[in-house]
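Engineer: Next up is a structure, given as structure tokens.
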Amino acid sequence: MRQRASTIGQGLKTWPRALTMILGSAAFCACAAGEARADVGMTVQPLVIEFKASPGAESFANVSVNNSGSEPIRVTVQQIDWRTTVDGSVRMERVGAEGPQSLNPYLNVSAPGFELSPGETRRLTITARLPADYQTKSASTWGGFFVRGTRANGAPGAFGPAATVLAYNTMGTPSRHMQLTALQVTQTGPGTVRLFTRLRNDGENFIRPSARVMIEQGGRVIGDATLANSTVFPGDLRVIRHDFGGLAPGQYGLEITFDYGGNTLVEGTTDFRVK
């Protein structure tokens, strides 16, 4: 593996940063035998909110919840802690699980429970308010809310559409940086290979890395892909795997370029053979 960092803005092409999140909106149909079809649906936007609150100050964000079905729904909004895992998936946790990195003690939602008629939208105000004596070793903290909709006349705890709203707070301008610690390509079958790459967030702020991958043979680009990924918190590792197919036997080169939102791009190259 060969790795280098290049400064953005010095003749290098950059690619749009992408964010992969879960549960953009949810809807389902609840029907009983012999009954007319009834839809219970809900849409929540945005799913990611970012604050810049400092000690003694507060910051605000709005989230809209829409009843996109044909039945009245009851909406509940509950705090959650969460973390991204090494493979990029999002794991919901009980409140307090993230310890001093949790933003939840300082988050407030304007309406934790309400009802919506079909087609109705409710705008929620979420506030991040830090006390004047707030102290933390990390400039980045995070928390969030689990938003769930059920039939307004349904039983408590009934199944329904849900979404997660993930919240970040960043104080000051902590540095962003990442290291590419592993890059490997292995053949997994006839004409197919698997890219394995591991990176580490060695900065002070969260990053959302996206990568551009190019495969070349004899100086000609024969394949490319853009890989988006979820948030990587300071000190965390991330493993990314991606499969490529349709490769004829021969020698190839692979180049991967990460844009993580910092002042540099991180690039790595490796060679591989398809038998």
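The values are calculated or read from the model by the stated rules, or taken from the named source; none is laboratory data. Computed from a predicted structure; not experimentally measured. Every residue, glycine as well, gets a Cβ built from its backbone with ideal geometry; the counts of neighbours run over all protein chains shown.
Engineer: Touching a Phe, Trp or Tyr at 6+ places or on another chain (Cβ under 7 Å), of a type outside the set (A, V, I, L, M, F, W, C), surrounded by 16 or more Cβ atoms within 10 Å (Cβ to Cβ) and in the same structural domain as Thr186 (by TED's automatic domain parsing), is that true of Asp236? Explain how you work it out, then say what you get.
Structural biologist: Numbers: touching a Phe, Trp or Tyr at 6+ places or on another chain (Cβ under 7 Å): no; of a type outside the set (A, V, I, L, M, F, W, C): yes; surrounded by 16 or more Cβ atoms within 10 Å (Cβ to Cβ): yes; in the same structural domain as Thr186 (by TED's automatic domain parsing): yes.
Against the criterion (touching a Phe, Trp or Tyr at 6+ places or on another chain (Cβ under 7 Å), of a type outside the set (A, V, I, L, M, F, W, C), surrounded by 16 or more Cβ atoms within 10 Å (Cβ to Cβ) and in the same structural domain as Thr186 (by TED's automatic domain parsing)), Asp236 does not qualify.
Engineer: Gly218 is checked against (1) touching a residue at least 40 places away in the same chain (Cβ under 8 Å); (2) out of contact with any strand residue (DSSP E or B) (no Cβ under 8 Å at 6 or more places or on another chain) and fails just one. What number does that condition carry?
Structural biologist: In the conditions (1) touching a residue at least 40 places away in the same chain (Cβ under 8 Å); (2) out of contact with any strand residue (DSSP E or B) (no Cβ under 8 Å at 6 or more places or on another chain), Gly218 misses (1) alone.
Engineer: Which condition from (1) at pLDDT 95 or above; (2) outside the structural domain of Asn263 (by TED's automatic domain parsing) is the one that Leu199 breaks?
Structural biologist: (2)
Engineer: Also: Show the residue pairs that are 6+ apart or on different chains and have beta-carbon atoms under 8 Å apart, the first residue being within segment 253-273 and on the phi < 0 side of the Ramachandran plot and in contact (Cβ under 8 Å) with a residue 24 or more places away in the chain, the second being among the aromatic types (Phe, Trp, Tyr) and surrounded by fewer than 16 Cβ atoms within 10 Å (Cβ to Cβ).
Structural biologist: Close Cβ pairs satisfying both conditions: Thr257/Trp15; Asp259/Trp15.
Engineer: So, one more: Across segment 233-253, which residue is farthest from Ala139 (Cα to Cα) among those that are in a strand (DSSP E or B) and small (Gly, Ala, Ser)?
Structural biologist: Filtering segment 233-253 for residues that are in a strand (DSSP E or B) and small (Gly, Ala, Ser), the one farthest from Ala139 (Cα to Cα) comes out as Gly250.
Engineer: Still on this structure, I have one more. Quick check on segment 203-210. Is at least one of its residues in contact (Cβ under 8 Å) with a residue 40 or more places away in the chain, within 30 Å of Thr76 (Cα to Cα) and touching a Ser or Thr at 6+ places or on another chain (Cβ under 6 Å)?
Structural biologist: yes
Engineer: Same structure again: Please go through segment 46-67 and give me each residue that is modelled with pLDDT under 95 and in contact with a Gly (Cβ under 8 Å, 6 or more places away or on another chain), ordered by number.
Structural biologist: Ser54
Engineer: Give segment 193-211 a look and list any residue that's of a type in the set (D, E, K, R), within 11 Å of Asp236 (Cα to Cα) and assigned to a strand (DSSP E or B), or say none.
Structural biologist: Once the filter is applied, which keeps residues that are of a type in the set (D, E, K, R), within 11 Å of Asp236 (Cα to Cα) and assigned to a strand (DSSP E or B), segment 193-211 yields Arg198, Arg200.
Engineer: Separate question: Looking only at segment 79-94, which residues are in a strand (DSSP E or B) and either closer than 10 Å to Gly144 by Cβ or without any contact (Cβ under 8 Å) to a residue 24 or more places away in the chain (or both)?
Structural biologist: Gln79, Ile80, Asp81, Trp82, Val90, Arg91, Met92, Glu93, listed by residue number.
Engineer: Given the conditions (1) in the same structural domain as Val65 (by TED's automatic domain parsing); (2) under 25 Å from the mean Cα position of the chain (by Cα), report the number of the one that Asn153 does not fulfil.
Structural biologist: Asn153 satisfies every listed condition except (2).
Engineer: Which one is modelled with the lowest pLDDT, of the residues in segment 212-232 that are buried (at least 18 other Cβ atoms within 10 Å of the Cβ) and either touching a Cys at 6+ places or on another chain (Cβ under 9 Å) or part of a loop (DSSP other than H, G, I, E, B) (or both)?
Structural biologist: Ser230
Engineer: Which of the following residues is of a type in the set (A, V, I, L, M), in contact (Cβ under 8 Å) with a residue 60 or more places away in the chain and not assigned by TED's automatic domain parsing to the domain that holds Leu199: Ala111, Ala97, Ala61?
Structural biologist: Only one candidate qualifies: Ala61.
Engineer: Another question, then. Can you confirm whether segment 118-126 contains a residue that is surrounded by fewer than 16 Cβ atoms within 10 Å (Cβ to Cβ), of a type in the set (S, T, N, Q) and assigned to a loop (DSSP other than H, G, I, E, B)?
Structural biologist: The answer is no; no qualifying residue exists.
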